[in-house]
Amino acid sequence: MHDSLQDFSGAGADGRAGNPRPVYLDGHATTPLAPESHAAMEPWWHAQAGNPNSPHRHGQYADAAVEAARGHVAALIGAMPGEIHFTSGATEANNLAIVGSALAALARGERRRGIVVSQIEHKSVLNAAHALERDGFTVTELPVTNKGVIALERASAAISDDTLLVSVMAANNEIGAVQPVAEIADIARARGALVHVDGAQLAGKLPFVAGSFDLVSLSSHKMYGPMGIGALYVSGAAPYRPRPILYGGDQEGGLRPGTLPTPLIAGFGAAAKVAAERLDADIRHSAALAGRFEEELRSRQVRFIRHGSNAARLPGSVSMAFEGVDANELIAMVSAEISISEGSACQSGQITHSHVLRAIELSDNLIKSTVRLYFGRYNTTDHAVLAAVSIASAVRRLQGRTGDFLQ
């Protein structure tokens, strides 16, 4: 394994000796860089140069690297290379899908003004949608069940002939709940609405075919690629394309201007290729580690509440609450051994509680007691055991201090 990746993931079973960093278990926030992705980028940082839009030989080399990567990203989601448009990340892709579609609708004289999202969408979807209200669009937020899943009957009731766009995530970034996006797309299509799926958390972790949707957002650093690069899939069969939301050149088919970052795109492509090749093995590996972690907690008589326990969830994803425990204190107490979080990294550090945990109707006390872990490709059984040992010890101390007890 690449040295920096070994450091990032954690070296020893005890997480201490010879390990300069704690074991990394926050893969919903970002994943470690795959060695293959690092290798694909390396020449472009040092030996290679060239703008992929330049006509000379160096530009042609860069363009070839970009197009090879585009093909790998497309193959991961069953798309055509020409349907993949690179962006700076999933946040930009979400904004381009939502705001760009609204701009296109206005330019076409479209009468539809409804946008339907769920209550647990990433802030880049929620905020982009609500920003359009000042332009006369209306936003409907679909509630979810207490397991974090959109109810199809609620989606069917909310999507109407006035709905322009339905934007839902394939899997949630806090509780890992997998959404029935194909079924929601069928409802939306029957009523003539565009369908956008935020695939940042699911692509590369579970099988996903983009052809059922008009628009799909992707993130490189959620599938073991570099940060700073993502993509928007735009179906060739979509009734119309989003308008660009940035002004500049005509790169990416005129949809997203700016010089393409060849190193990042090469790394993204390599990560997508590896994700496709290892998908089944990664699914089994991550699910087994999450299961082992929970077994180890139970064997130590630790009481916890797992969110979304009966719903489909991403393999390796764990969101759980420890009653009587402050999540921030728990995270700090185990930080020398494991890196975990309390929720979305886009919200960490804010005083307001997670809108996702609010949406699944958790009490304030349970929200304050919730932590999030993700067991990924480069984690091991030793890491799962270490996490359980470390958390059990910290929970025991914290619950004892507050008068709670372990069963």
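The values are calculated or read from the model by the stated rules, or taken from the named source; none is laboratory data. In this text, all values refer to a predicted model and were calculated from it rather than measured experimentally. When we count neighbours, we look across all protein chains shown, and the Cβ atoms used for this are built from the backbone with ideal geometry, even at glycine.
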Residue count, the stretch 72-102 (criterion: part of a helix (DSSP H, G or I) and either aromatic (F, W, Y) or surrounded by fewer than 16 Cβ atoms within 10 Å (Cβ to Cβ) (or both)): 2
Check on G136, in contact with a helix residue (DSSP H, G or I) (Cβ under 8 Å, 6 or more places away or on another chain) and at positive phi: no
Hits in the stretch 36-70 - residues which are touching a Leu at 6+ places or on another chain (Cβ under 6 Å) and either assigned to a helix (DSSP H, G or I) or within 30 Å of S390 (Cβ to Cβ) (or both): V66
Matching residues, the stretch 133-151, being crowded, with 21+ Cβ neighbours inside 10 Å and not in a loop (DSSP other than H, G, I, E, B): L142, V144, I150
Every pair of residues 6+ apart whose Cβ atoms lie under 8 Å, when the first sits in the stretch 254-273 and is within 18 Å of H58 (Cα to Cα) while the second is among the basic types (K, R) and part of a helix (DSSP H, G or I): I265/R70
Test: residue in the stretch 131-144 that is charged (D, E, K, R), closer than 20 Å to H28 by Cβ and not assigned by TED's automatic domain parsing to the domain that holds L314: no
Candidate set from the stretch 152-169 (those that are touching a Leu at 6+ places or on another chain (Cβ under 8 Å) and over 24 Å from G204 (Cβ atoms)); member that is surrounded by the fewest Cβ atoms within 10 Å (Cβ to Cβ): R154
Answer residue from the stretch 170-224, given it is among the acidic types (D, E) and within 21 Å of S88 (Cα to Cα) and is surrounded by the fewest Cβ atoms within 10 Å (Cβ to Cβ) among those: D214
Scan of the stretch 305-332 for residues that are within 12 Å of Q399 (Cβ to Cβ) and surrounded by fewer than 21 Cβ atoms within 10 Å (Cβ to Cβ), ordered by number: E323, G324, D326, E329
Given (1) touching a residue at least 40 places away in the same chain (Cβ under 8 Å); (2) of a type in the set (A, V, I, L, M); (3) in a helix (DSSP H, G or I); (4) surrounded by 14 or more Cβ atoms within 10 Å (Cβ to Cβ), index of the condition V116 fails: (3)
Meets criteria (under 30 Å from G269 (Cα atoms) and out of contact with any Asp or Glu (no Cβ under 7 Å at 6 or more places or on another chain)) for A155: no
